[in-house]
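The structure under discussion appears below in the form of C-alpha cells.
The values are calculated or read from the model by the stated rules, or taken from the named source; none is laboratory data. The structure displayed is predicted, hence computed values, not measured ones. As a convention, Cβ positions derive from the backbone with ideal geometry for all residues, glycine included, and neighbour counts pool all protein chains shown. Ligands, DNA and RNA are excluded from the accessible area calculation, which covers all protein heavy atoms including side chains. Shrake-Rupley method; radii C 1.70, N 1.55, O 1.52, S 1.80 Å.
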Amino acid sequence: MRVGDDATVTLPIADEVALGDFARRLMAVLPPAAFIALYGDLGAGKTTLVKCAAAVVGIDPTEVVSPTFGLIHHHTAGQGIDSGATTRIVHADMYRLSGIDDLAETGWDDAVVGASHVFVEWPERIADALPADRIDLAIAIDSPTARTLTLIGRGPRHAEAVAALANQ
Ligand code: ADP
Ligand code: MG
C-alpha cells in the first residue's frame, strides 16, 4: 500500500526457510545503496535476516555474526548477482553504542559510503543519524518459528521497493 511517499507491507513468515525466500525477494527489489533499519527484540531474527541476505549475494552466511566489539562489519561478494560488480554489505549492530555522540568513532560515516546494502540492528540508538530514504523493517515474534515482518519504505527509492514486495 502506498501512502504519500511511503509504502508499507506486512508479511507473515512461517519459519526460517520462508525468511530465506523473503530475503531473495527483498534483495531483488532493493535500490542501489539500500538502507535497511532492522527493529525487533533480542532473538527476533535481525541477524538471521542479514545472514539470509548475505547468502543471496553469495557471501558465506557463517561470516555474518552479531557485530559486538566493532559494531560494524563489512562483507564483500566477489561478484554481484546480476551486474558482475562487487556487492558490499555493511552490517551494524548499535546495541552496545553508548550514545549517538559515540557514533563517529565507530567509523559509521565512512562505512556507509559506497555500500550496496546497509543493515542496521538497533537503529533506535542512532535515530537522528538514519537517512530519510530507507526501509524500516520490524520483526515481531509470533512463535518460536513464526515471525511477522512489517516494512515501511520511506522516500521514493525505498518506497518503490516495498511497493514491489506488496504487489507480489
Ligand atoms: P536478533 O539478531 O534479532 O537478536 P537472531 O537472528 O540472532 O536475532 O536470532 C533469531 C533466532 O531465532 C535464531 O536462533 C533463529 O534460528 C531463530 N528463528 C527461528 N525461526 C525464525 C524465523 N522465522 N526467522 C528468524 N529467526 C528465526
Ligand atoms: Mg542480532
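Taking label positions 7 Å along the Cα-Cβ direction at both Ile141 and Ala28, the computed distance is 3.1 nm, reported to one decimal. The value for the chain of Rg(Cα) / (2.2 N^0.38 Å) is 0.97.
Close amide H contacts of Tyr39 (hydrogens built in the peptide plane, cut-off under 5 Å, sequence separation of 5 or more or a different chain): Leu137, Ala138, Ile139.
Hydrodynamic analysis of segment 50-132 uses the Kirkwood radius over alpha carbon pairs. Inserted into Stokes-Einstein at 37 °C and 0.692 mPa s, it gives a translational diffusion coefficient of 248 µm²/s.
Applying Stokes-Einstein at 25 °C and 0.890 mPa s to the Kirkwood radius of segment 94-167, computed over alpha-carbon pairs, gives a translational diffusion coefficient of 174 µm² s⁻¹. Taking Ile139, Ile36, Ile126 as the candidate residues, the one with maximal mean-square fluctuation in a Gaussian network model of the chain, Cα springs under 10 Å, is Ile126.
Whole-Hz Karplus values for segment 85-98 come out as 7, 5, 9, 10, 9, 9, 10, 10, 10, 8, 3, 8, 6, 6 Hz, taken residue by residue from phi with 6.51 cos²θ - 1.76 cosθ + 1.60 and θ = phi - 60°; glycine and proline positions read x. Structure remark: mean-square fluctuation, Gaussian network model of the chain, C-alpha springs under 10 Å; the largest value among Ala127, Ala34, Ala54 belongs to Ala127.
Annotation for Ala129 and Asp5: the two label points, set 7 Å from Cα along the Cα-Cβ direction, are 2.3 nm apart. Accessible surface area normalised per residue over the chain is 49 Å², counting heavy atoms of protein chains with a 1.4 Å rolling probe.
Normalising the average separation of contacting C-alpha pairs (under 8 angstrom, six or more residues apart) by the number of residues puts the relative contact order of the chain at 36 percent.
I'd like the antiparallel share, as a percent to the nearest 5, of DSSP beta bridges with both residues in the chain. For the chain, the DSSP antiparallel bridge percentage is about 60.
Within the accessible surface of segment 1-133, defined with a 1.4 Å probe on protein heavy atoms only, the carbon and sulfur portion equals 53 percent.
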